[in-house]
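Undergrad: Just dropping this structure here.
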Number of protein chains: 2
Amino acid sequence: MFTKRFTNLSPYTPGEQPRDMKYIKLNTNENPYGPSPDITEFLKSMDADRLRLYPDPSSLRLRTVISEYYGVNAENIFTGNGSDEVLSFCYYAFFESSQGPLLFPEHTYSFYPVYTTFYGIDYFKVPLNRDYSINLEAFLKKDHYTGIIFPNPNAPTGMGIALGELDSFLSKVQKNRIVVIDEAYVDFGADSAVSLIGKYRNLLVVQTFSKSRSLAGARLGFAIGDGALIKALNTVKDSFNSYPVDAITQELGIIAIKDTDYFQKTVSEIIKVRDEVSNALLSLGWEVLPSAANFIFIRKDKVSGRRVYEWLKKKGILVRHFNQPGIEDFIRVTIGEKSDMKLFLDLISDYKQVDK
Amino acid sequence: MFTKRFTNLSPYTPGEQPRDMKYIKLNTNENPYGPSPDITEFLKSMDADRLRLYPDPSSLRLRTVISEYYGVNAENIFTGNGSDEVLSFCYYAFFESSQGPLLFPEHTYSFYPVYTTFYGIDYFKVPLNRDYSINLEAFLKKDHYTGIIFPNPNAPTGMGIALGELDSFLSKVQKNRIVVIDEAYVDFGADSAVSLIGKYRNLLVVQTFSKSRSLAGARLGFAIGDGALIKALNTVKDSFNSYPVDAITQELGIIAIKDTDYFQKTVSEIIKVRDEVSNALLSLGWEVLPSAANFIFIRKDKVSGRRVYEWLKKKGILVRHFNQPGIEDFIRVTIGEKSDMKLFLDLISDYKQVDK
């Protein structure tokens, strides 16, 4: 009844969304601020009649607006139903086991290995450095691989890689192997590699509207890269589902990109709160990995990551704990509104007593 | 640079959406009426702030409303980003070449063979009957196949299969092979097989909000079937993209299902206009296949399908022509608003003179 490929699947587990009580959600890296106020205005006056028509399957107006923002051409942009779908299409087009395994960091976005089971691709996890940063040198030591994918900044560590280091890395990667840099969190302070797509035709940058543009609910992600790679992603899309981005989401994406003031204001505020919370945690004796994202990855001597996660949940705050050897001591905390982070800090400063 | 599976792709070609002039669009089976007026009201008062949060990955409220409408349980419903995505997931979970080819009708929805190239599945096209209806007997004569898929009513013919015939067919199909009935157009007068899902655990019915519920722009489709099949589709989804249905679309789907009055009124009007147009064409000497859909498939002696399509396009009306041996004489005409169909009839009654 089921296919062999189906029986091999090992699906992704999204962050929990419990409905038993009202939580302060610091577990799925959502933005504490709503999207641009222009979006509310647009929805208010939208002509719903247009929904009877199929959306533009190529999202041309949206791609044009994104391309102008990043100083590239519309032919360099591919849009999909969230960056998860864009990443999935990348795996389909660019990665296959006959060329070797796909390389990604040992601790990273947990959807990466899931896609490999979906498409039947071998993978190899490259260990992090001792300071939990991505070890690009170790990637370069492998000479047999089908491609490379990593986030910048990495999740769940939040640690970024500088542009010069990315440039040097890309110059040494085999030219016939695609490197996907997943920049889901890049707007919160990491270096984007978009400026390098003209230099490296095997580089594909993937971004999302879910985090810095507060549109997780609308499902919109995109890739930026050489025209040949973008054309390939379109061929994959048109073999899977021709219209992945609905008509309303295309409009919301255009509005979100155009409202640069609101974008900069909310991103700056999150960065400011992140740095304040990080400093407060440091003074409470917590270790905080240096974050270029809208979340922090923290641990404390003699504190169990799992137990502090459970304790916070009981108190009404959801954070994320990864039950994986090597990072099981940490919890990942999304940067929420200032008032929520104050509650979090108040609670966590009490934690030591409770854990005994 | 590209994978072998990628180089084998043969993508779908959506109906043309030319931008050079304003056409009367009778080519992509869109609904001439907008969605329920309650949708305009909802969008007007929607709190855009919620878009910062991920949507419910399981679309539970939407699935519950759909399940109540069809008299099944929420566990019998799977929702996806348009029925195209739902169909794609079905191929992944249920069809593989080691079990034999996938069977579908010779003339049918042109995405069916595209999915087979996407997943590397063999297929066999079962010829239609001489009257262009689907030949279910011919499907049953095959004893080696991985599964069966066909639309009811079929596209582009518009011809439906009666429930009794479906029931008898399903009783003879191998129990360990999935039958997908694609009911994209069922609401316009064909018999739905939803009442049979309790009887046949290998039956999966797929429907869409794009046609009878006027939400092509919102991208929403669903499957109805035994809980085990639905669970499998969820596993596929969670290995590809956890959140395919955005937060707004989930709400629009709920509203569209609940507004049964508007649904019945608009569907009845389309059926009425379809029957009027069909009769007018018959009296003009056209052959009209009996349609249970929101489109008609028509031809006329000594008239070239391609040429009448091109002539109508020049005059500002888009219809669809399929350049395929066996149906190349036909054009497919979507049933639009009464006034547009009057223009179409006025034009086409002149056609004979022009074609000489």
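The values are calculated or read from the model by the stated rules, or taken from the named source; none is laboratory data. Predicted model, so just to flag it, every value in this text is computed and none were measured. So basically every Cβ, Gly included, is an ideal-geometry build from the backbone, and we count neighbours across all protein chains shown.
Undergrad: Which residue out of B:129, B:152 is without any contact (Cβ under 8 Å) to a residue 40 or more places away in the chain, farther than 30 Å from residue A:11 by Cα and away from chain A (no Cβ under 14 Å)?
TA: Details: B:152 fails: without any contact (Cβ under 8 Å) to a residue 40 or more places away in the chain.
Only one candidate passes the filter, namely B:129.
Undergrad: Which one is surrounded by the fewest Cβ atoms within 10 Å (Cβ to Cβ) among residues in region B:112-126 that are more than 16 Å from residue B:8 (Cβ to Cβ) and touching an Asp or Glu at 6+ places or on another chain (Cβ under 7 Å)?
TA: The residue in question is B:125.
Undergrad: Can you confirm whether residue A:180 is under 30 Å from residue B:12 (Cα atoms) and outside any loop (DSSP other than H, G, I, E, B)?
TA: So residue A:180 fits the description; yes.
Undergrad: Could you list all residues from region A:11-51 that are over 27 Å from residue A:270 (Cβ atoms) and within 7 Å of chain B (Cβ to nearest Cβ)? Full working, then the answer.
TA: Step one: list which residues in region A:11-51 are over 27 Å from residue A:270 (Cβ atoms), which gives A:11, A:20, A:45-51.
Scanning region A:11-51 gives A:11, A:46, A:48, A:49, A:50, A:51.
Undergrad: Restricted to region A:175-202, and to residues that are of a type outside the set (D, E, K, R) and at the interface with another protein chain (Cβ under 10 Å from one of its Cβ atoms), which residue is farthest from residue A:110 (Cα to Cα)?
TA: Only one residue tops the list, namely A:176.
Undergrad: From the residues in region B:328-353 that are farther than 27 Å from residue B:107 by Cα and of a type in the set (Ser, Thr, Tyr), which one is surrounded by the most Cβ atoms within 10 Å (Cβ to Cβ)?
TA: So the residue we want is B:349.
Undergrad: Residue B:199 versus (1) part of a loop (DSSP other than H, G, I, E, B); (2) touching a helix residue (DSSP H, G or I) at 6+ places or on another chain (Cβ under 9 Å); (3) surrounded by 15 or more Cβ atoms within 10 Å (Cβ to Cβ): which is the lone unmet condition?
TA: For residue B:199, the exception is condition (3).
Undergrad: What's the number of the condition residue A:59 fails, among (1) in the same structural domain as residue A:246 (by TED's automatic domain parsing); (2) farther than 18 Å from residue A:218 by Cα?
TA: All conditions are met except number (2).
Undergrad: Of the residues A:304, A:339, which single one is among the hydroxyl-bearing types (Ser, Thr, Tyr), without any contact (Cβ under 8 Å) to a residue 12 or more places away in the chain and more than 29 Å from residue A:222 (Cα to Cα)?
TA: The unique qualifying residue is A:339.
Undergrad: Oh, and also: Just to be sure, is residue A:54 surrounded by 18 or more Cβ atoms within 10 Å (Cβ to Cβ) and facing another protein chain (nearest Cβ under 7 Å)?
TA: Yes; evaluated as a whole, the condition is true for this residue.
Undergrad: To continue, here is another question. Got a number for residues in region B:203-225 being at negative phi, part of a loop (DSSP other than H, G, I, E, B) and either facing another protein chain (nearest Cβ under 10 Å) or without any contact (Cβ under 8 Å) to a residue 24 or more places away in the chain (or both)?
TA: Here the count works out to 6.
Undergrad: Taking the criterion of being crowded, with 16+ Cβ neighbours inside 10 Å and within 19 Å of the chain's Cα centre (by Cα), would at least one residue in region A:299-317 satisfy it?
TA: no
Undergrad: Let me ask something else. Give the residues of region B:62-83 that are among the charged types (D, E, K, R) and touching a helix residue (DSSP H, G or I) at 6+ places or on another chain (Cβ under 6 Å), sorted by residue number.
TA: Correct list: B:63, B:75.
Undergrad: Sticking with this one: Which residues, counting only those in region B:81-126, are within 14 Å of residue B:178 (Cα to Cα), more than 10 Å from every other protein chain (Cβ to nearest Cβ) and assigned to a loop (DSSP other than H, G, I, E, B)?
TA: The answer is B:100, B:101.
Undergrad: Looking at region B:240-282, which of its residues are within 7 Å of chain A (Cβ to nearest Cβ) and either surrounded by fewer than 24 Cβ atoms within 10 Å (Cβ to Cβ) or at pLDDT below 95 (or both)? Reasoning before the result, please.
TA: Start the filter on region B:240-282 by keeping residues that are within 7 Å of chain A (Cβ to nearest Cβ), which leaves B:240-244, B:246-249.
Selection gives B:242, B:247.
Undergrad: For residue B:133, only one of the following conditions fails: (1) part of a helix (DSSP H, G or I); (2) surrounded by fewer than 24 Cβ atoms within 10 Å (Cβ to Cβ). What is its number?
TA: It fails just one condition, (1).
Undergrad: Can I ask one more? Tally the residues that are crowded, with 18+ Cβ neighbours inside 10 Å, assigned to a loop (DSSP other than H, G, I, E, B) and of a type in the set (Val, Ile, Thr), restricting the search to region B:1-27.
TA: 1
Undergrad: Residue under question is residue B:62, and the condition is that it be more than 8 Å from every other protein chain (Cβ to nearest Cβ), outside any loop (DSSP other than H, G, I, E, B), of a type in the set (A, V, I, L, M, F, W, C) and touching a Ser or Thr at 6+ places or on another chain (Cβ under 7 Å); does it hold?
TA: yes
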